[in-house]
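One structure is given below, encoded as structure tokens.
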Amino acid sequence: IVREPQVFLLDEPLSNLDAKLRAQTRTEISKLHKKLGTTFIYVTHDQTEAMTMGDRICVMKDGYIQQIDTPTNLYNHPVNQFVAGFIGSPQMNFLDAVLKTEGGKYVVEFGSDEKKFTVVLPDEKADDEKLKDFVGCEVILGFRPETISDDKRNIDNATTGLMECQVEVTEIMGSETFLYLTCNGSQITAKVLPDSKARPKDTITVAIDPYRVHLFDKETEKTIIN
């Protein structure tokens, strides 16, 4: 800082700090970055640091660059399943599914032979060029915890994306509640309103927002649609 270098290289500088000091120092580094106007290359395993401090983030796996983009684009438009699961807390839910067509609509079907669930893709997401080659194929359905709702009004208004789940654990965070659910043997996490009435051992119905689902190629893990 004294010598005014062109680039600062920071390798996990906050990793040994306690949570409160870590958050405070993160803010101070961000202020310093804006004040100096100098390039910072910052290495971290903490996605919160990356998302809150980075103008552009380079996500790496096994020494290979997966995606370089803005925090918002990484979150909303991941290029593959790894990036989708790495960005976001709690991480994105992934379920094995099959892509079908019914009545001129693209439908994602998942669940067991005894109980099937479906998400009908809205027209805005139903990109023929991207989806047509995957009809009848196994895909990975991805959806973030905050796109799941157990609110009765949303359930009543939902026409697709409804699932019946068993509540395993609830974590009341104050401003929100995390629900750890089991759906046909698959574990999923929901981030719902703080006034949720769900309790452990309850069987509840939840709705996935069809406008915010992601599909991934099961073989390559590359994104089909975001």
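Any idea which residue in the stretch 38-78 is modelled with the lowest pLDDT, counting only those that are open to solvent by 70 Å² or more (accessible area, probe 1.4 Å) and in a loop (DSSP other than H, G, I, E, B)? In this case the residue turns out to be H45. Only one of the numbered conditions (1) modelled with pLDDT of 90 or more; (2) surrounded by fewer than 21 Cβ atoms within 10 Å (Cβ to Cβ) is not met by E114, and that is (1). Does at least one position in the stretch 142-149 carry a residue that is in a strand (DSSP E or B), under 18 Å from D96 (Cβ atoms), free of Cβ contacts under 8 Å to residues at least 40 places away in the same chain and not aromatic (F, W, Y)? No, the stretch 142-149 has no match at all. For the stretch 179-199, a residue qualifies if it is touching a helix residue (DSSP H, G or I) at 6+ places or on another chain (Cβ under 7 Å) and hydrophobic (A, V, I, L, M, F, W, C), and exactly one does: A190. Among the criteria (1) assigned to a strand (DSSP E or B); (2) open to solvent by 70 Å² or more (accessible area, probe 1.4 Å); (3) over 24 Å from V83 (Cα atoms), the one F8 does not fulfil is (2). Can you tell me which residues in the stretch 126-145 are open to solvent by 50 Å² or more (accessible area, probe 1.4 Å) and of a type in the set (G, A, S)? Matches in the stretch 126-145: G136 only.
Please work out which residue is farthest from S112 (Cα to Cα), limiting yourself to the stretch 162-186 and to residues that are within 17 Å of the chain's Cα centre (by Cα) and touching a residue at least 24 places away in the same chain (Cβ under 8 Å). Ranking the qualifying residues of the stretch 162-186, first place goes to F178.
One line per residue, one yes/no per condition, for (1) surrounded by fewer than 17 Cβ atoms within 10 Å (Cβ to Cβ); (2) within 15 Å of P90 (Cβ to Cβ):
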{"residue": "L162", "(1), (2)": "yes, no"}
{"residue": "G174", "(1), (2)": "yes, no"}
{"residue": "Y180", "(1), (2)": "no, yes"}
{"residue": "N184", "(1), (2)": "no, no"}
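Looking only at the stretch 192-226, residues that are assigned to a loop (DSSP other than H, G, I, E, B), among the β-branched types (V, I, T) and exposed (fewer than 12 other Cβ atoms within 10 Å of the Cβ) come to 1 in all. Just one of the listed residues (G103, G111, G85) is over 28 Å from T177 (Cα atoms) and either touching a residue at least 24 places away in the same chain (Cβ under 8 Å) or among the small types (G, A, S) (or both), namely G103. Quick check on my filter: what residues within the stretch 28-37 are within 18 Å of T72 (Cβ to Cβ) and either open to solvent by 60 Å² or more (accessible area, probe 1.4 Å) or touching a His at 6+ places or on another chain (Cβ under 8 Å) (or both)? Selection gives nothing.
Screening V119 with (1) buried (at least 19 other Cβ atoms within 10 Å of the Cβ); (2) farther than 30 Å from M163 by Cα gives one miss only, at (2).
The values are calculated or read from the model by the stated rules, or taken from the named source; none is laboratory data. As the structure is a computational prediction, the values presented were derived from the model and not from experiment. Using ideal geometry, Cβ is built from the backbone for each residue, glycine included, and neighbour counts are taken over all protein chains shown. Only protein heavy atoms, including side chains, enter the accessible area calculation; ligands, DNA and RNA are left aside. Shrake-Rupley method; radii C 1.70, N 1.55, O 1.52, S 1.80 Å.
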